[in-house]
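Notes to accompany the following structure.
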Amino acid sequence: MTGSTLDSAKTSLNYHHSDEVQATAHAEHHDFRVLGIIVFLVAEGMIFLGLFMAYLTFRSVSPTWPPEGTPKLELLLPGINTVILISSSFVIHNADTAIKKNDTKGLRLWFGVTAAMGAIFLAGQLYEYFHLEFGLTTNLFASTFYVLTGFHGLHVLFGLMLILGVLWRSLKPNHYSSTAHFGVEAAEVYWHFVDVVWVILFLMLYIL
Amino acid sequence: MTQAAQYQEKANLLAHGSEPENNWRQYFGFSTDHKVIGIQYLVTTFIFYLVGGVLATLVRTELATPESDFVSREVYNSLFTVHATVMIFLWIVPAATGGFGNYLVPLMIGARDMAFPRLNAIAFWIIPPAGILLMSSFLVGAPGSGWTSYPPLSLISGKAGEMIWILSVLMLGTSSILAAVNFIVTIVKMRIPGMGFNQMPLFCWAMLATSFLALVATPVLAGALILLSFDLIVGTNFFNPTGGGDPVVYQHMFWFYSHPAVYIMILPVFGMISEIVSVHSRKPIFGYKAIAYSSIAICGLGLIVWAHHMFTSGTPPWLRMFFMITSMIIAVPTGIKVFSWLATIWGGKLRLESPLLFAMGFISLFVIGGISGVMVASVPWDIHVHDTYFIVAHLHYVLFGGSVFGLYAAFYHWFPKITGKMLNDTWGKLHFALSYVGFNLAFMPMHKLGIEGMNRRIAEYDPKFAALNLLCTIGAYLLAVSTLPFLVNVCWSWAYGKPASDNPWGALTLEWMTTSPPPVENFEADPVLATGPYDYGMGSRATQVNVPFSDPHSPGLSAGPSSTLRAKADPVVAAMPSDRQGESNNR
Amino acid sequence: MNIPSQIVTLLAGIILTLVSLWYGQNHHLLPIAASEVAPLVDSLFDTMMVIGTGIFLLVNGILIYSVIKFRRDPNDDTDGPPVHGNIPLEIVWTAIPAVIVLGLSIYSFDVYQAEGGQDPMDHSVAHHGKNHTQMAKMSGAAVAAPLIADSQGVDATPLMSEDLPPKQEAPALGTVSPKVGDSTKPTEFVVNAAGMQYAWLFTYPDTEVVAGELHVPINRNVLINISANDVIHAFWVPEFRLKQDAVPGRQTEVRFVANRLGEYPLICAELCGAYHGAMKTKIVVESQADFDTWLQTQIASAEVGLDRAIATTPATLTEVEYLAPYAKEIGVTAGVLQQLQPAAAKSVHAPSIS
Ligand code: HEA
Ligand code: HEA
Ligand code: CUA
Ligand SMILES: [Cu+2]
């Protein structure tokens, strides 16, 4: 904050100034950060949409898809992974319900479970990577496969960090309450997004 | 001082802040004040404009003669590649949205800052390193495959330079997305009470549409660049035909961003022109709603026309027809804006100073670029002129004649608010005259060059084009010289200029209702809307407006029934108080 | 000034229309028209010029008039008339441009149709296979290769780059092998054109002649099969008003009927590297008799080149060595050839596992 003449109270990230504006915002929040995250996720969604469209085009301009010699993808492990990730979306929602009742213990519990599920998902994906018979540059299918799942994996990793961050903060007493739990909501919204993307990705890469 | 302005100012006396003490050091630090950030953007991007302009001058110097004699061919390719990248990603986009957007939007909607001030500062601070990174590419062999960077060419020429280009554009794209998130939340959530969407100044509408485009389109470019960098570094084959990839996919992804990008560059300027034309003609903006909603229409249409850049590459016929029609239809909402500005000017009391001159220059030049745009949207014609100087002419008419002239108009208009000093108008007029002449001299002949067979991106050309090219080069030099009066004017006026009053133009929008320059947090109390943003000539609704009800000699000047601009008296603005009541449905 | 304003407006309108009509036909911007479709494109452009001139004059006329007429008296501090909308007028200026652009779309569509752009059969790569089967099979591969391969009766070993994996059409997703020109007419004359950094190489499949410049007989339905070996190039003849990208990995084509004798520039219009500006040659439109003579001399000299090619097993030659004999002919300098080296080396090492 070198050289800033503003005092930090006025410049914190969740800057909120007048009562009027607060009134128009979501009743439970004093700021627009959740809206900001949702708007940002629109942009994230567009990156994935662009990559998906590229994948579909590559698929349809190639005479054979996947190109000859590509080993068939195993379905069992990714299937289990998918089930885990989808269910984690429901699990994390419990945390939101809990904190709205000021139940910090519930919050910790459900966030812990979600984090574990996310970690299992990532581990599963890494396991899959190491046991695949093709590498990043083997062919066009392999490249798209790794880039798409890898890019999604990074998002899962980021979501996991968010969840762990919230978990860490929730250890401080009264950090989150039924009226102030931006972190919880942010992590949840992000996690749902990552989940939805995975479902599309799974259908496109493994099933289609 | 006109009645409406008096009325608005009186109502906002309470909100009127006191002048801030000036601390120049904050401009070099991580400030979260939107005004500081706005100025940081404006100064930084203008420096990059000068860099881009010097590169352009080098390009034109090479093209002064038909032979490739001034720089090597590789360097020539790098020159125009970096020229275009700098102009687009480091000048127009960040100056129009980041610069003026940041400075003006919170003031115009009566907010005290952007929704996420720290995010705002982060978005700005991504830009200087990205720009320096791009410049540094000249040390390792700058990128030379055009600002479009089409593979496979971009994959086989100069890996280091290309990678730097990708990184730099990715950073600038991130900055632009973050700024867009901020603008959308700010405009949707932080307007003062009483300011509905239809009471917003038109610049805010334009920024809303622009931010939406940036939000939706930029990520796709990021996707394309991520894939491209994998091809470049790791050796995947997404866009490399030797491994089964398809270069046309890159073109789709690139233009899915880069066509909307041209509207990201022009929509904010449209917004500024709406403000300036109205204030300096002393008339309400003509057709507020039409202008506001046409921004939205352009924004929607702008997302579905990208393949018009690919009419000669691998696109199927149905796509060409579809994209031809959608591209041409954009002329309709744009025409609505142009004609509305003309109608605003018509019959006004024009204050013919630099802001309005540049705004009128904008209209006159942008229309030429728009017309050539509609021509190239026509598939058979585009098949002929694609990748020729006709396109170079088109793009400079809309980008320089459009965006840059508009930005200059905005500089002249808001300089008093930003610095508290007036710019010298004589120097401004000189700047305008030189720019206008130089610009047309530099770019008008390019139309003919392109049609006759001069393709773009070449360092050497057929000697039969020598004469016209020399003319272009002379024009470009004149254009370079025209920047000097502006620079002198800004530097001199900032230091020694005549102090500006808080509302030197007698404007009604809220940024003029506080001090020049505005204090930290902009307003002392929340400002109020005593009049609409463009109620010039209307005063308070109790007062009579001194406008002849009818004027047989020049009906355009009158407010009454025989006005060429208006069929019947509008209840909100009618000249006679007795005719006036309620809200107009005509704005 | 006692003339009623309506009459002034009317007069201004008439003058504007006349000037636009005149300028639209007399702009002298277009180069010579040397193909059958060129006049169609030209009249489309003339029409757009008429409209464009009209709009330009209208807008700038209003601006100039306003600057003169509505300038503010420096002592007058009052506002202008509070006019802020007029629905009928706004409808007019929405509707007229809408009608104009729809009309232009339909007109352009028509011209495009006449150029043959909308041929429904256009998606199949094989439909012109009869004329040059080897091209259809080879898809985007180098053109010089089949020439030598055929003469030896063995499988082709492409010289310029590897055999690029062929692509399918995906019209729904927007990528196809693009074509321009009327493919409903019977093809009378085929030439294969290969673009490479930085030259065009033209092969006449019937006679196996390879040349650096394109000779075509006048008034015949010519089909040029275009391929690219390294990066994207574009085949452009300004006098024909036709342009087609050469996309590596795809077989694109352009069809035309040249109807005017003469030599015209044939330009690479897509940035393809440092010597992009030098990548141009000429197209010679000549009578059938002249064309035949030219072809005979080419056949004679090609025999020499071919012998050498066979003797040195072309597959082991680098691009530079292979091109050297043609260099003078196709108008590239030694410097350009040197340029080819790194690109060639790269393309050989690029991974191609399919
Ligand atoms: C600010 C930037 C900007 C703007 C606003 C526009 C506006 C338009 N552009 Fe342009 N364009 C570029 C920047 C811009 N363009 C750039 C940078 C390129 C080159 C990229 C590259 O290859 O490097 C390009 C290239 C480009 C092409 C590709 C050419 C090619 O490479 O072959 C096409 C094709 O359709 C096109 C069309 C249009 C159209 C139809 C509009 C319309 O939006 C214009 C609408 C405006 C008007 C028409 C004028 C006002 C209207 C009236 C007064 C109403 C009456 C008018 C009529 C009835 C016609 N543009
Ligand atoms: C906002 C965008 C923008 C702007 C403002 C400009 C401004 C200018 N452009 Fe550029 N241009 C593009 C965007 C822009 N351009 C794009 C997108 C391309 C396509 C690139 C591609 O093909 O990939 C292009 C390509 C392009 C070409 C074609 C290159 C080619 O295809 O081979 C040319 C050639 O004349 C050119 C010229 C100029 C000139 C003379 C200016 C002038 O207006 C600049 C004037 C300004 C100054 C000169 C700076 C200020 C002056 C001083 C500080 C004084 C001191 C100056 C000196 C000592 C020189 N530009
Ligand atoms: Cu080949 Cu340009
Ligand atoms: Cu476009």
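All of A:106, A:124, A:50 fail the test of being within 28 Å of residue A:183 (Cβ to Cβ), modelled with pLDDT of 90 or more and not charged (D, E, K, R), apart from A:124. Counting only helices (runs of 4 or more DSSP H) that fall entirely inside segment B:69-188 and contain at least 1 residues that are away from ligand 1 (no atom under 16 Å from the Cβ) and charged (D, E, K, R), the qualifying elements are B:73-85, B:117-140.
Residue check: is residue B:359 of a type in the set (Gly, Ala, Ser), out of contact with any helix residue (DSSP H, G or I) (no Cβ under 6 Å at 6 or more places or on another chain) and assigned to a helix (DSSP H, G or I)? Judged against the criteria, residue B:359 is not a match. Hey, any hits in segment B:127-146 for a residue that's within 16 Å of ligand 4 (Cβ to nearest atom) and within 12 Å of chain C (Cβ to nearest Cβ)? Yes, some residue in segment B:127-146 is within 16 Å of ligand 4 (Cβ to nearest atom) and within 12 Å of chain C (Cβ to nearest Cβ). Here is the figure for segment B:354-401: residues that are away from ligand 4 (no atom under 13 Å from the Cβ) and away from chain C (no Cβ under 12 Å) total 7. Just to be sure, is residue C:59 touching a residue at least 60 places away in the same chain (Cβ under 8 Å), crowded, with 18+ Cβ neighbours inside 10 Å and assigned to a helix (DSSP H, G or I)? Spelling it out, it is not the case that residue C:59 is touching a residue at least 60 places away in the same chain (Cβ under 8 Å), crowded, with 18+ Cβ neighbours inside 10 Å and assigned to a helix (DSSP H, G or I). Quick check on my filter: what residues within segment B:162-218 are under 23 Å from residue B:137 (Cβ atoms) and touching a Gly at 6+ places or on another chain (Cβ under 6 Å)? Scanning segment B:162-218 gives a single hit, B:218. Would a scan of segment A:84-100 turn up a residue that is in contact (Cβ under 8 Å) with a residue 40 or more places away in the chain, among the hydroxyl-bearing types (Ser, Thr, Tyr) and assigned to a helix (DSSP H, G or I)? Yes: one or more hits. Tell me which residues, restricted to segment A:153-172, are in contact (Cβ under 8 Å) with a residue 40 or more places away in the chain and not in a helix (DSSP H, G or I). Within segment A:153-172, just A:171 meets the criteria. If you take the residues in segment C:180-226 that are at pLDDT below 80 and within 14 Å of another protein chain (Cβ to nearest Cβ), which one is farthest from ligand 3 (Cβ to nearest atom)? It comes out as C:184.
Quick grid of which residues meet (1) crowded, with 24+ Cβ neighbours inside 10 Å; (2) facing another protein chain (nearest Cβ under 7 Å):
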{"position": "B:220", "(1), (2)": "yes, yes"}
{"position": "B:230", "(1), (2)": "no, yes"}
{"position": "B:233", "(1), (2)": "no, no"}
{"position": "B:239", "(1), (2)": "yes, no"}
{"position": "B:250", "(1), (2)": "yes, no"}
{"position": "B:257", "(1), (2)": "yes, no"}
{"position": "B:263", "(1), (2)": "yes, no"}
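Residue B:55 falls short on exactly one of the conditions (1) more than 14 Å from every other protein chain (Cβ to nearest Cβ); (2) crowded, with 20+ Cβ neighbours inside 10 Å; (3) touching a residue at least 40 places away in the same chain (Cβ under 8 Å), and that condition is (3). Determine, yes or no, whether residue C:231 is more than 16 Å from ligand 4 (Cβ to nearest atom) and either in contact with an Asp or Glu (Cβ under 8 Å, 6 or more places away or on another chain) or not in a strand (DSSP E or B) (or both). In short, yes.
All conditions in (1) surrounded by fewer than 19 Cβ atoms within 10 Å (Cβ to Cβ); (2) touching a residue at least 60 places away in the same chain (Cβ under 8 Å); (3) more than 11 Å from chain C (Cβ to nearest Cβ) hold for residue B:48, with the sole exception of (1).
Of the residues B:365, B:356, which single one is over 25 Å from residue C:99 (Cα atoms) and within 17 Å of the chain's Cα centre (by Cα)?
Working: B:365 fails: over 25 Å from residue C:99 (Cα atoms).
Exactly one residue qualifies, and that residue is B:356.
With respect to residue C:31, is the statement that it is outside the structural domain of residue C:286 (by TED's automatic domain parsing) and either without any contact (Cβ under 8 Å) to a residue 60 or more places away in the chain or within 16 Å of ligand 2 (Cβ to nearest atom) (or both) true? Can you show your working first?
Details: outside the structural domain of residue C:286 (by TED's automatic domain parsing): yes; either without any contact (Cβ under 8 Å) to a residue 60 or more places away in the chain or within 16 Å of ligand 2 (Cβ to nearest atom) (or both): no.
So residue C:31 fails the test.
Does at least one position in segment B:335-354 carry a residue that is acidic (Asp, Glu), more than 10 Å from ligand 1 (Cβ to nearest atom) and not in a loop (DSSP other than H, G, I, E, B)? No: segment B:335-354 contains no residue that is acidic (Asp, Glu), more than 10 Å from ligand 1 (Cβ to nearest atom) and not in a loop (DSSP other than H, G, I, E, B).
For segment B:458-468, how many residues meet the condition of being buried (at least 23 other Cβ atoms within 10 Å of the Cβ) and in contact (Cβ under 8 Å) with a residue 60 or more places away in the chain? Don't jump to the end; show me each part of the working.
Quick first cut of segment B:458-468, residues buried (at least 23 other Cβ atoms within 10 Å of the Cβ) only: B:458-459.
Among the residues that remain, those that are also in contact (Cβ under 8 Å) with a residue 60 or more places away in the chain are: B:459.
The number of residues fulfilling the criteria is 1.
Reported count of residues in segment B:45-84, each being near ligand 2 (Cβ under 10 Å from one of its atoms) and more than 16 Å from residue B:474 (Cβ to Cβ), is 16. Can you find even one residue in segment A:17-33 that is modelled with pLDDT of 85 or more, buried (at least 18 other Cβ atoms within 10 Å of the Cβ) and more than 7 Å from chain B (Cβ to nearest Cβ)? Checked segment A:17-33: at least one residue is modelled with pLDDT of 85 or more, buried (at least 18 other Cβ atoms within 10 Å of the Cβ) and more than 7 Å from chain B (Cβ to nearest Cβ).
Close contacts from segment B:296-307, counting a first residue that is closer than 12 Å to residue B:259 by Cβ and a second that is part of a loop (DSSP other than H, G, I, E, B) and more than 9 Å from ligand 1 (Cβ to nearest atom), with Cβ to Cβ under 8 Å and a gap of 6+ residues or different chains, come to B:307/B:315; B:307/C:174. Consider segment A:45-58 and keep the residues that are more than 7 Å from chain B (Cβ to nearest Cβ) and touching a residue at least 12 places away in the same chain (Cβ under 8 Å). The one that is farthest from residue B:247 (Cα to Cα) is A:45. As a summary of the residue check, residue A:108 satisfies the conditions (1) touching a residue at least 24 places away in the same chain (Cβ under 8 Å); (2) more than 18 Å from the chain's Cα centre (by Cα); (3) surrounded by fewer than 18 Cβ atoms within 10 Å (Cβ to Cβ) except for the one numbered (3).
Only a single item in (1) more than 12 Å from chain C (Cβ to nearest Cβ); (2) within 16 Å of ligand 4 (Cβ to nearest atom) is not met by residue B:272, and it is number (2).
Say whether the condition of being surrounded by fewer than 24 Cβ atoms within 10 Å (Cβ to Cβ) and charged (D, E, K, R) is met by at least one residue in segment B:352-371. Yes.
So which residues in segment B:24-45 are part of a helix (DSSP H, G or I) and surrounded by fewer than 19 Cβ atoms within 10 Å (Cβ to Cβ)?
Taking segment B:24-45 and keeping what is part of a helix (DSSP H, G or I), we get B:24-28, B:34-45.
If the condition is that a residue be part of a helix (DSSP H, G or I) and surrounded by fewer than 19 Cβ atoms within 10 Å (Cβ to Cβ), then B:24, B:25, B:27, B:28, B:43 are the ones that fit.
I'd like to check something: does segment B:438-456 contain any residue that is assigned to a loop (DSSP other than H, G, I, E, B) and away from ligand 4 (no atom under 16 Å from the Cβ)? Yes.
The values are calculated or read from the model by the stated rules, or taken from the named source; none is laboratory data. As the structure is a computational prediction, the values presented were derived from the model and not from experiment. Note: ideal-geometry Cβ built from the backbone for every residue, glycine included; neighbour counts use all protein chains shown.
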